[in-house]
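Student: This structure is in structure tokens; I'll ask about it shortly.
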Amino acid sequence: MADEANYDESLVPDYVLPDALIGSDGCAVTTGGVWQAQRRPELLRLFEEHVYGGMPDPLPETHSELFDEDPNALRGQALRRQFSLRFGAGEQVSTMDLLLYLPHAIQQPVPVFLGLNFSDRNLGC
């Protein structure tokens, strides 16, 4: 069972964040291969254990629906799409909105950064 959430910063004990380029065995990460094979999976496990939790097994039923689209977002520089994502079925449904900007000037696939936002999704846009 996960620990209860703590909302009082004064109750947070002292801690040291792990060095991203030092493996759990104490060895330095010196190549991309070591990063992919060793350190990246270690850090993902730490995030799973201490921050986000793991993926449910089995994965829940998922659905997506496009509910808004603006082909002239960011003064015509991008396509903005907003999706509603649903995970689960029946009374076990969780929902999440996804806001996606795709640049017009680039025709090949581009990286996507997903961030959590617990307030107005349009702030700063």
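Student: When the residues of region 1-42 are filtered to those that are within 30 Å of GLN92 (Cα to Cα) and of a type in the set (A, V, I, L, M), which remaining residue is surrounded by the fewest Cβ atoms within 10 Å (Cβ to Cβ)?
Tutor: This residue is MET1.
Student: Looking for something under 15 Å from the mean Cα position of the chain (by Cα) and either surrounded by 12 or more Cβ atoms within 10 Å (Cβ to Cβ) or not in a strand (DSSP E or B) (or both) - is there at least one such residue anywhere in region 63-70?
Tutor: No, region 63-70 contains no residue that is under 15 Å from the mean Cα position of the chain (by Cα) and either surrounded by 12 or more Cβ atoms within 10 Å (Cβ to Cβ) or not in a strand (DSSP E or B) (or both).
Student: Now, a different point. What do you reckon, is PRO41 modelled with pLDDT under 90, outside any strand (DSSP E or B) and more than 27 Å from GLN108 (Cβ to Cβ)?
Tutor: So PRO41 does not fit the description; no.
Student: While we're on this one: For region 71-101, name all the residues that are farther than 26 Å from PRO58 by Cα, loosely packed, with under 14 Cβ neighbours inside 10 Å and touching a Leu at 6+ places or on another chain (Cβ under 9 Å). Write out each step before concluding.
Tutor: Our first condition is that a residue be farther than 26 Å from PRO58 by Cα; within region 71-101, this holds for 71-82, 99-101.
Imposing the further condition that a residue be loosely packed, with under 14 Cβ neighbours inside 10 Å reduces the set to 71-72, 74-77.
PRO71, ASN72 - these are the residues of region 71-101 that are farther than 26 Å from PRO58 by Cα, loosely packed, with under 14 Cβ neighbours inside 10 Å and touching a Leu at 6+ places or on another chain (Cβ under 9 Å).
Student: Being aromatic (Phe, Trp, Tyr), at pLDDT 90 or above and under 16 Å from the mean Cα position of the chain (by Cα) narrows it down to one residue among PHE47, PHE118; which is it?
Tutor: Only one candidate passes the filter, namely PHE47.
The values are calculated or read from the model by the stated rules, or taken from the named source; none is laboratory data. All values reported here derive from a predicted model rather than from experimental measurement. All Cβ positions, glycine included, derive from the backbone under ideal geometry; neighbour counts span all protein chains shown.
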